[in-house]
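Structure, as structure tokens:
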Amino acid sequence: MTDQAKDRVYIFDTTLRDGEQSPGATMTHDEKLEIAELLDEMGVDIIEAGFPIASEGDFRAVSEIAERAKTSVICGLARAQINDIDRCWEAVKHAARPRIHTFIGTSPLHRAIPNLTMDEMAERIHQTVTHARNLCDNVQWSPMDATRTEHDYLCRVVEIAIKAGATTINIPDTVGYTAPRESADLIKMLLERVPGADDIIFATHCHNDLGMATANSLAAVEAGARQIECTINGLGERAGNTALEEVVMALKVRGDIMPYETKIDTRKIMHISRRVATVSGFPVQFNKAIVGKNAFAHESGIHQDGMLKNKETFEIMRPEDVGLAGTSLPLGKHSGRAALRAKLKDLGVEVGDNQLKDIFVRFKDLADRKKEVFDEDILALVTAAMTDGADHLEIVSLKVVCGTGGPAEATLEMEVGGEEKSCVMEGDGPVDATFKAVRALYPNSARLQLYQVNAVTEGTDAQATVSVRLEEDGKIATGQSADTDTVYASAKAYVNALNRLHVRRSKTGSDQKEISYKDVG
Ligand code: KIV
Ligand code: ZN
């Protein structure tokens, strides 16, 4: 490793693989392509685009992301099996810079599942990494559950993987069990004990079960790891993974004590965070570091007073560093398209002419209805413009009568598969009446698991962001929408979730092959 490389930390984003494994976070093909493009544009070094053997859909997504990637290395995941690795290579080989990532569980608990002895597993690692390296000169290997693997055995298998040609060794804390000092000690131990360790890159992959994922990743970097695996908004199995925005901003803000660089354009963080929240259906918690709604909000008088005198009193980074100007938008209903484009650029959003036209129409409509248009409103408009499309269900019009003295009544016109239908339904409040009307026009057995409303900004004219999560036969789909009319936003979010279920239903059952990590035999 050169000195220059020593100070550079590679960002490996696994939102589309580990992130997509969160129950209910399934993304459509087009959404995966869009997120991959945003990751590439923001400077992510390696994108783990999926698990090609898991399904035909995963395979297509990884292949197409590989074909389209401009700068990022495109990586696919494969279990320690020859056919998995071949399938992975078939998908990633289209990339200018492909990588195969293969893994096997090495801790006693994980070795017991395929019932392999230590020697048998060591032999499997040698064979599969050698096979991967014969296909691709960029191979990553992971001993799953590394943090609960015996140290001697971990050193032994890491050495085997390096000798077989692995160029990156990832050390996963699969169950979020480690703590910062132990995370650092493990990397240090591997660097000291394993022959050839200086010639490869060590990666850290931390889950957040005890809330220590980001701290554990940074501790590993301080000990010598040079690749951080992470996801946007910390999406991922159970409590999620290290959040990309947290590690990147921690390195940027605390460069004095952690002098490591990434090549991430941090101004694109807020936009990609919003897009991932929308397409995954996992809203960002208000107090989430960096990307939460309150991350740059100052509520108490003392804090507000301090901020007015000197922003640095209570802000360790500027909102604009993460793509949020934080001030109200100096655009009004008389502002032109050029000003809107400039504003979007400030917010880290790049759009084509057609998209700009669409967002501009939405902006004008909002500016007519709302006194002040904030940056958050603009980002919500962008999300809405990207979400609406040629769907199975489209709302044509909605009128709701509600108040005291009787049930609410919703009159809904909706296109169902291109055919316009209408009905009037009563309900216990405007949202209940509206959802009943949707169900009357599009009968379905989906169960409402979550209905959540948040205000995008302050004031009674604020846009409401509504999230709806539905479950049908074990399949989960989420929808989101924003509008100044809360009931209309609710209807759109509900219909959005139904459209996603429709897409999933219409895919052949054989597409979704259940993949099991334990199936390594
Ligand atoms: O958490 C984990 O161990 C993983 C592996 C597949 C790398 O995601
Ligand atoms: Zn993981």
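The values are calculated or read from the model by the stated rules, or taken from the named source; none is laboratory data. No experiment lies behind these values; they were computed from the predicted model shown. Here the Cβ positions follow ideal geometry from the backbone for every residue, glycine too, while neighbour counts run over all protein chains shown. Accessible surface is based on the protein model in full, side chains and every heavy atom, while ligands, DNA and RNA are left aside. Shrake-Rupley method; radii C 1.70, N 1.55, O 1.52, S 1.80 Å.
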Would you work out which of P283, Y153, G459 lies farthest towards the positive end of the dipole of the chain, given +1 charges on the beta-carbon of Lys and Arg and -1 on that of Asp and Glu, about the Cα centre?
-> G459
Between helix 82-92 and the chain: long-axis angle, C-alpha atoms, 0 to 90°, nearest 10 | 50 degrees
Distance in nm between pseudo-label sites at N83 and E415 (7 Å out along the Cβ direction from Cα) = 4.3 nm
Output ordering of 136-143, 80-87 (per-residue mean of other Cβ within 10 Å, highest first) is 136-143, 80-87
Could you name the aspartates and glutamates in cross-link range of K421, using Cα to Cα under 18 Å and dropping any fewer than eight places away on the same chain?
-> D391, E394, E409, E413
In angstroms, what radius of gyration and Dmax does the range 1-97 have, counting Cα atoms only?
-> 13.5, 43
For the chain, convex hull volume per residue from C-alpha positions, Å³ = 161 Å³
Relative contact order (%) - criterion: Cα under 8 Å, at least six apart; region: the chain | 12 percent
Accessible area (Å², per residue) of the chain, counting only protein heavy atoms and a probe of 1.4 Å | 43 Å²
Given K93/K163; K357/K436; K70/K364; K311/K345, which pairs have Cα atoms separated by over 32 Å?
-> K357/K436; K70/K364
Across the range 442-456, in residue order, what do the Karplus-derived ³J(HN,Hα) couplings come to in whole Hz, using 6.51 cos²θ - 1.76 cosθ + 1.60 with θ = phi - 60° and x for Gly and Pro?
-> 9, x, 7, 9, 5, 9, 6, 9, 8, 9, 9, 10, 10, 8, 5
Cut-off under 5 Å, modelled amide H: who pairs with V175 long-range = none
Of the GluC sites (Glu not before Pro) in the range 103-197, those whose Cβ has at most 16 other Cβ within 10 Å and which sit in DSSP loop | E150
Rounded to a whole %, the carbon-and-sulfur portion of the accessible area of the range 394-434 at a 1.4 Å probe is 46 percent
Rounded tilt (10° steps) of 244-253 against the dominant C-alpha axis of the chain = 80 degrees
How much of the accessible area of the range 53-153, in percent, comes from carbon and sulfur atoms when a 1.4 Å probe is used?
-> 48 percent
In degrees, nearest 10, the alpha-carbon axis of helix 213-223 is tilted away from the dominant principal axis of the alpha carbons of the chain by 40 degrees
